[in-house]
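The values are calculated or read from the model by the stated rules, or taken from the named source; none is laboratory data. Nothing here was measured: the structure is a model prediction, and the numbers come from that model. So basically every Cβ, Gly included, is an ideal-geometry build from the backbone, and we count neighbours across all protein chains shown. What goes into the accessible areas is simple: the full protein's heavy atoms, side chains included, and nothing from ligands, DNA or RNA. Shrake-Rupley method; radii C 1.70, N 1.55, O 1.52, S 1.80 Å.
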Amino acid sequence: MAVTTIPTAGITFNDNVLFSESSKGVYLGVTSATAANLLEDYEEGTHSPTVTGDGGGTATLNSGSNTLAYTKIGRTVHLTGTIQVTSVSGCSGNMRMTLPFTCLANSNGTGFHGVMVPLFTVNAAGDLGVAFQLEPGSASGLFFGINDNGATSAQLTTGYYRVTLTYQTS
């Protein structure tokens, strides 16, 4: 049933709204169809990341601490949770972790995002702690140590990594 006239008092639904096609959405805050105001994607889920060494090898995660939760609203992804890396044998370079969605890539560098990572029982490679940097155009990022002189060092250590980051997809 199509609605052709919307009363000034609004519409009240007694149940969920289900669109006939997955590409449909809701225009928010406008009185006419404006592409910038169209919300056509909302998703909640979990992501079981793969952690590898940037130079090769695969890290082992504790099966009780190997899942991150995400919420995707439009192009924005919020990812949070704790992973426990129990082994990095055979790994080299920085730790690389997969993401649930590909990070935005564009020519002005706004696809790059870095966040500090709270640690628990982790020996940080850097003097100031550990950061995670997303790679534009990729569904992964790297953990690395930050030093007080501005340099970075390889972060490839076992322990608990608490991840909370927000990024854009394309």
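For Glu43, the requirement of being more than 21 Å from Phe120 (Cβ to Cβ), outside any strand (DSSP E or B) and open to solvent by 60 Å² or more (accessible area, probe 1.4 Å) is not met. Of the residues Arg75, Arg162, Arg96, the single one that is in contact with a Pro (Cβ under 6 Å, 6 or more places away or on another chain) and charged (D, E, K, R) is Arg162. Only residues that are of a type in the set (A, V, I, L, M) and over 19 Å from the mean Cα position of the chain (by Cα) were counted across the range 40-59, and they come to 1. Counting only residues that are open to solvent by 30 Å² or more (accessible area, probe 1.4 Å) and either of a type in the set (Phe, Trp, Tyr) or outside any strand (DSSP E or B) (or both), the range 46-87 holds 11 of them. Out of all the residues in the range 147-157, is one or more open to solvent by 50 Å² or more (accessible area, probe 1.4 Å), within 19 Å of Gly55 (Cα to Cα), touching a strand residue (DSSP E or B) at 6+ places or on another chain (Cβ under 9 Å) and touching a residue at least 40 places away in the same chain (Cβ under 8 Å)? Checked against the condition, which is being open to solvent by 50 Å² or more (accessible area, probe 1.4 Å), within 19 Å of Gly55 (Cα to Cα), touching a strand residue (DSSP E or B) at 6+ places or on another chain (Cβ under 9 Å) and touching a residue at least 40 places away in the same chain (Cβ under 8 Å), the range 147-157 yields at least one hit.
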